[in-house]
Amino acid sequence: MHQVARYFEYALIVWFFLLAALVAMRTLSGDIMSSGFLSDKPGEGTAPERAVMMAVFPAVLIGYAYNALTGEIPMINGRPSLPEVPQTLLALLTGSNSLYLAGKIARR
C-alpha cells in the first residue's frame with residue numbers, strides 16, 4: 001500500500017507541474033489575460049494587498065507540499081493520510097487574506 005501511495009504522490013506532482021505549464025503557456029500566448037491581476041479596477045495602479053496575497057498563496061502551497069513530501073506519512077486507520085497544515089502556514093494565509101479583505105473594504 002505504501003508503494004501505491006508513492007506512485008500517486010509522484011503522479012500528483014507531475015500533474016501539478018503540467019497544470020502550471022499549461023497556465024503559463026496560455027498566459028504567454030494571450031489566451032489568459034494577465035493584465036489587471038494586481039489592480040482592483042481596470043486602469044488603476046497595483047493594489048499592495050493583492051500583490052501580497054498573490055505572493056503568499058503560492059508560497060504557502062509550496063511550503064505545504066514540501067512539508068508533505070519530506071515528512072513522515074501519517075497513517076489513520078491503517079491508511080496513509082495528508083499531514084496537518086503547520087500553524088505558520090495557516091498564519092501566513094490568514095494574514096494575507098485578512099489584508100486583502102481589509103483593502104477591499106477600505107477602498108469602497
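The values are calculated or read from the model by the stated rules, or taken from the named source; none is laboratory data. Everything numeric in this text was worked out from a predicted model, so none of it was measured. Counting neighbours? That spans all protein chains shown, and the Cβs are built from the backbone with ideal geometry, glycine included.
Here are some notes:
- Residues of the range 46-70 classified as polar (S, T, N, Q) and either outside any helix (DSSP H, G or I) or surrounded by 13 or more Cβ atoms within 10 Å (Cβ to Cβ) (or both), total: 2
- As a summary of the residue check, Ile73 satisfies the conditions (1) part of a loop (DSSP other than H, G, I, E, B); (2) touching a residue at least 24 places away in the same chain (Cβ under 8 Å); (3) over 23 Å from Ala5 (Cα atoms); (4) β-branched (Val, Ile, Thr) except for the one numbered (3).
- Scan of the range 17-45 for residues that are modelled with pLDDT of 90 or more and either within 30 Å of Ser81 (Cβ to Cβ) or surrounded by 11 or more Cβ atoms within 10 Å (Cβ to Cβ) (or both), ordered by number: Phe17, Leu18, Leu19, Ala20, Ala21, Leu22, Val23, Ala24, Met25, Arg26
- All positions within the range 72-97 that are small (Gly, Ala, Ser) and over 16 Å from the mean Cα position of the chain (by Cα): Gly78, Ser81
- Unique match (being part of a loop (DSSP other than H, G, I, E, B), of a type in the set (A, V, I, L, M), out of contact with any Leu (no Cβ under 9 Å at 6 or more places or on another chain) and not assigned by TED's automatic domain parsing to the domain that holds Gln3) among Leu82, Leu92: Leu82
- Only one of Glu44, Glu49, Glu72 that is of a type in the set (D, E, K, R) and over 30 Å from Arg108 (Cβ atoms): Glu72
- Conditions (1) under 30 Å from Arg107 (Cβ atoms); (2) surrounded by 10 or more Cβ atoms within 10 Å (Cβ to Cβ); number of the one not met by Pro83: (1)
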